[in-house]
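Heads up: the structure comes next, in structure tokens.
The values are calculated or read from the model by the stated rules, or taken from the named source; none is laboratory data. On a predicted model such as this, the values are computed, not experimentally measured, just so you know. Glycine gets a Cβ as well: all are built from the backbone with ideal geometry, and neighbour counts include every protein chain shown. Just so you know, the surface numbers come from the protein's heavy atoms only, side chains and all, with ligands and any DNA or RNA stripped out. Shrake-Rupley method; radii C 1.70, N 1.55, O 1.52, S 1.80 Å.
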Amino acid sequence: MRIKVSIILFVFAAFAVSARAQRMEPPTGAPGDSVVYRSAVCFPKNEGEWIPQSQYKAVGRILRWAQANTGVPIVITGWADTSGTAAFNEQLSLRRARTVRNYLVKKGIAPERITFGGGGIDTGAESPEKARRAEVRGIIRLALADTPEVRAETESVPVKQEAEAGKVAPPVPAKEITVAEQQQAETTVKKEVQQAEQQTVTAKEKAEAIAAQPEQQPEQTVKITPETASSSSGRYLAVKTNLAAWAGTIMNLAADVQVSEHFSVELPVLWCPWYVSSKHAVKTFTIQPEARYWLSKPGKGHFFGVHAHVGWYSVKWNRDRYQDTDRPLLGAGISYGYLLPFNEHWAGEFTLGAGYANMKYDTYYNIDNGARIDTRTKNYWGITRVGLSVVYRFNLKK
């Protein structure tokens with residue numbers, strides 16, 4: 001009888017140790033990211049170079065959150081809708097993420113806090129308007145030692161719980177346990193206890209190793225993109241033609257090149273080699289170089305310019321014809337303009353300028369081989385430049 005009681009108590013102890021070993025099994029899932037903040041900045045179709053005015057409040061809230069939570073890494077992912085090619089949308093989504101990142105850095109957010117990249121087309125978006133965005137998230141990488149599973153599994157079982165577990169009587173076996181079965185059960189229990197202790201030590205070592213290097217976690221989550229090495233955008237280079245000059249039968253072509261962060265230089269050439277009408281016509285060759293200051297950056301939004309003009313001309317107007325003498329028309333002026341982008345490469349440009357011009361010209365009767373009437377010099381003040389142009393932008397890299 002005493003042997004039977006000893007065997008029963010031994011089997012009960014084996015069940016208790018085995019249950020404890022199962023509770024101490026290490027976690028199988030890898031630690032993940034904890035998203036503590038989420039917001040987005042939406043963009044117009046095919047645009048990503050600047051933040052639209054309708055999103056000023058949204059990006060302002062993101063900035064205030066970033067300033068108040070200086071220890072939280074920031075991940076910015078750009079997205080695009082399904083219109084356009086996949087290659088174009090990949091670049092567009094990257095530009096949108098980079099634009100929001102540059103805004104935050106300009107406002108004082110540390111650049112090493114920010115990871116950004118392009119996600120391409122968002123096929124799961126509710127609408128194209130919601131797909132055209134840069135998603136901003138505040139993300140914390142959880143260390144393994146901080147996860148509740150590890151803390152629960154590495155803590156020792158309270159003595160009180162073990163004592164209470166001892167009060168539960170196991171079911172009485174239906175048959176007597178032999179000495180061989182007793183030895184086999186004892187060996188199995190020892191192996192399970194050793195495995196559980198080894199797994200617990202391994203989990204503790206991993207948790208301590210991760211907790212000892214918290215500063216390296218942000219480096220492990222950095223997404224490498226072609227833009228991380230340099231945040232500079234494309235150098236602005238464009239060619240254009242003025243539709244207002246074409247309306248006057250004057251062929252024209254201009255080039256606009258960025259020379260610094262806010263300045264560009266434009267050189268338009270206007271040429272009309274023929275007389276369109278016997279009564280009203282302009283035959284001219286004119287160049288009108290202009291230096292431009294852009295409020296944002298070259299190729300974007302508003303600009304102010306200073307231009308000069310040099311022109312050779314022969315103008316028919318009703319009875320008379322006016323022709324330059326031994327020197328061309330000379331002058332200068334100031335102008336204002338605005339560039340409105342249509343897509344990545346095409347845009348429209350409006351320009352209006354005023355200034356001064358000096359002309360010395362001969363007046364003839366407006367007939368074949370008409371006699372010269374007189375020679376005059378005129379100082380002109382007024383409109384010197386009108387432009388309604390179609391622009392093609394190359395967006396060369398610096």
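Taking all protein chains together, PHE88, PHE342 sort by accessible area into PHE342, PHE88, largest first [probe 1.4 Å]. The phi-based Karplus calculation (6.51 cos²θ - 1.76 cosθ + 1.60; θ = phi - 60°) puts the 3J(HN,Hα) values of region 65-72 at 5, 5, 5, 7, 10, 5, x, 9 Hz, whole numbers, x for Gly and Pro.
The modelled label-to-label distance between ARG372 and SER296, using points 7 Å beyond Cα along the C-beta direction, is 5.3 nm.
Plainly put, region 33-140 has a radius of gyration that is 0.96 times its Kirkwood radius, both from alpha-carbon atoms, as the Rg/Rh ratio.
Across region 295-301, computed HN-Hα scalar couplings (Karplus, 6.51 cos²θ - 1.76 cosθ + 1.60, θ = phi - 60°) run 5, 9, 7, x, x, 9, x Hz from first to last residue, x flagging Gly and Pro. In order along region 330-341, the Karplus-derived 3J(HN,Hα) couplings, from 6.51 cos²θ - 1.76 cosθ + 1.60 at θ = phi - 60°, round to 10, x, 7, x, 10, 8, 10, x, 8, 10, 10, x Hz, and Gly and Pro are given as x. Computed on the Cα atoms alone, the convex hull of region 223-361 gives a volume of 122 cubic angstrom per residue. Heavy-atom accessible area for HIS280, with the other protein chains in place and a 1.4 Å probe, reaches approximately 80 Å².
Going through region 230-282, which chymotrypsin sites (Phe, Trp or Tyr not before Pro) have at most 12 other Cβ atoms within 10 Å and a DSSP loop state? Those that pass, being in a loop and sparsely packed, are TRP274.
Take peptides 81-87, 120-126 and line them up by average Cβ neighbours within 10 Å, highest first, as a rough protection proxy.
Most protected by this proxy first, the peptides run 120-126, 81-87.
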